[in-house]
Structure formats: structure tokens, C-alpha cells
Amino acid sequence: GAVVSQHPSWVICKSGTSVKIECRSLDFQATTMFWYRQFPKQSLMLMATSNEGSKATYEQGVEKDKFLINHASLTLSTLTVTSAHPEDSSFYICSARMRTAYEQYFGPGTRLTVT
Amino acid sequence: ELKVEQNPLFLSMQEGKNYTIYCNYSTTSDRLYWYRQDPGKSLESLFVLLSNGAVKQEGRLMASLDTKARLSTLHITAAVHDLSATYFCANSGAGSYQLTFGKGTKLSVIP
């Protein structure tokens with residue numbers, strides 16, 4: 001149980017375009033979803049926290065107009081990287097938490113390369 | 001500001017040896033998590049520690065938590081090559097479910 005999927009697993013896009021990443025909880029309802037970014041050889045950095053039906057809370061230094069997060073249902077959150085630039089190339093990982101638990105369940109990650 | 005500090009950041013050890021990774025955290029929240037990450041992969045949950053004195057073991061890995069010292073340890077017993085990976089500890093702030101991660105410990109087990 002507690003499986004989280006992400007789609008796509010990897011994506012290459014051209015500079016200036018937008019790309020959407022989906023995060024789904026497959027067998028539970030996710031009250032809260034988290035989005036992390038991980039640069040090579042670095043740790044995970046929390047980008048934003050989203051609760052179903054409400055606006056995402058972004059961490060300091062994360063541009064909310066550039067990284068659009070939509071948590072439209074209890075099983076789906078999306079991250080849209082708008083006007084992507086090469087410096088946005090990274091490994092994006094989502095996680096989800098169910099209402100009755102404190103533990104986060106991590107998705108397999110999406111590797112974004114902006115050329 | 002919540003801080004989570006791991007050491008060492010790099011660990012090269014021979015098969016069969018024992019070693020410990022340390023994780024210090026700064027908050028009063030005593031939920032401590034350990035994860036494993038293989039290259040190019042996401043996180044795999046290893047342990048969740050919730051109370052002082054908590055000890056959990058899985059195979060050659062054992063994690064413990066000392067809330068008074070705000071310290072968790074991940075002990076590796078008789079290391080094998082398959083344990084080579086990066087290990088992260090993470091802590092959530094008091095009253096929060098958000099995780100702050102340590103920088104990770106890259107473990108290389110050498111035959």
C-alpha cells in the first residue's frame with residue numbers, strides 16, 4: 001500500500017517552454033502533497049506544500065509564478081514549470097501524506113532537462 | 001530555522017566492517033526519518049523513529065533516537081556492497097509535517 005506515482009519519469013524540454021509533472025497517490029487519499037527539488041549530489045529541498053482544494057504554500061526563494069502547483073483532488077497534484085530555463089534542470093520528487101498519518105510516501109521522481 | 005546535520009558526508013568502508021552515521025537535529029519535534037537513495041532513484045523509507053530510546057532494525061541496519069541529545073544514529077553492521085547508497089535523515093518541525101533533510105551520507109562499501 002501507500003504508492004505514489006509520478007509522470008513523466010523524465011522529460012526534456014526547450015528553454016522557454018512549460019512542462020507539467022503529475023503526482024498521484026494510487027491507493028490512498030493524500031491530504032497533503034509536497035514537492036521537492038534535488039540537484040545533482042545535493043539533498044532534497046522542499047519547494048512547496050499543497051493541501052487538497054487550497055493554494056500551495058511555497059518555501060522561501062521558490063517563485064510561485066514559475067512553479068505552479070495545483071492540488072485538484074485527493075489523489076492528484078501537478079507541478080508546472082513555466083518558461084523553463086536550463087537552471088531549472090533537476091530531479092523533482094513529490095511525496096504525499098494521508099490525513100491519519102505523519103509519514104510521507106515518495107514518488108519515483110521526474111528528471112527534467114531543459115536545453 | 002530547523003537544521004539537520006549529518007556526518008560523515010562521505011563514508012568508504014570495507015565489507016564486513018561496522019560503522020555509524022550520525023544525525024543531529026535542532027527542533028523539539030522528535031519525529032526522525034531515515035531514507036536510502038540509490039543513484040538516479042527516489043527515496044526509499046528505512047525507519048521512522050518517534051520516541052526517545054526508539055530502536056529499529058532491519059537486516060544490517062539499526063537506527064536509534066536520543067531525543068534529549070537530539071541525535072539519531074544509523075548503525076551499519078558487517079557492511080556488504082549492496083548497502084552502497086546515499087542515506088538521508090530528516091526531521092519535521094514541531095507541529096509540522098514538512099521535512100527538513102540532512103545533506104546525506106554517501107556510503108561506499110568496498111570489497
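Read the figures in this text as sums done on the coordinates, not as results from a lab. Note that the structure is predicted; figures quoted are calculated from it, not measured. Neighbour counts are summed over all protein chains in view; Cβ atoms, including those assigned to glycine, are modelled from backbone coordinates with ideal geometry.
Take every Cα pair under 8 Å whose residues are at least 6 apart in sequence, average their separation, divide by the length of chain A, and the relative contact order is 37 percent.
The distance from the alpha carbon centre of the stretch A:37-115 to that of the stretch B:9-62 is 24 Å, rounded to a whole number. Beta bridges from DSSP with both residues in chain A: antiparallel share about 90 percent, rounded to the nearest 5. Each Lys or Arg adds one and each Asp or Glu subtracts one; over the other residues with Cβ under 11 Å from the Cβ of A:Thr75, this totals -2. Between B:Ser96 and B:Gln57, the modelled labels are 3.5 nm apart [label points 7 Å from Cα along Cα→Cβ]. No disulfide-compatible partner, judged by a Cβ distance under 4.7 Å, exists for the following cysteines of chain A: A:Cys13. Three principal axis extents of the stretch A:16-110 based on alpha-carbon atoms, in descending order, are 38, 28, 24 Å. The GNM of chain B, with springs linking C-alpha atoms under 10 angstrom apart, assigns the highest mean-square fluctuation among B:Gly53, B:Gly93, B:Gly40 to B:Gly40. A 24 angstrom limit on the alpha carbon distance is what I want to check against. Which of A:Lys55/B:Lys103; B:Lys68/B:Lys103; B:Lys17/B:Lys56; B:Lys17/B:Lys68; B:Lys3/B:Lys106; A:Lys20/B:Lys41 exceed it? Distance filter (> 24 Å) returns A:Lys55/B:Lys103; B:Lys17/B:Lys68.
Placing pseudo-labels 7 Å out from each Cα toward the beta carbon at A:Asn70 and A:Glu103 gives an inter-label distance of 3.2 nm. Ordering B:46-52, A:71-77, B:96-102 by mean Cβ neighbour count within 10 Å, with the highest value first, yields B:96-102, A:71-77, B:46-52. Under the shape rule built on the C-alpha gyration tensor, where the axes satisfy a ≥ b ≥ c, the protein assembly as shown is prolate, since a/c reaches at least 1.5 and a/b is greater than b/c. Using a Gaussian network model of chain B in which every pair of alpha carbons under 10 angstrom is joined by a spring, one finds that among B:Arg60, B:Arg70, B:Arg36 the greatest mean-square fluctuation is at B:Arg60. Which of B:Glu58, B:Glu15, B:Glu44 ends up with the largest GNM mean-square fluctuation for chain B, with Cα atoms connected below 10 Å? Maximum among the listed residues: B:Glu58.
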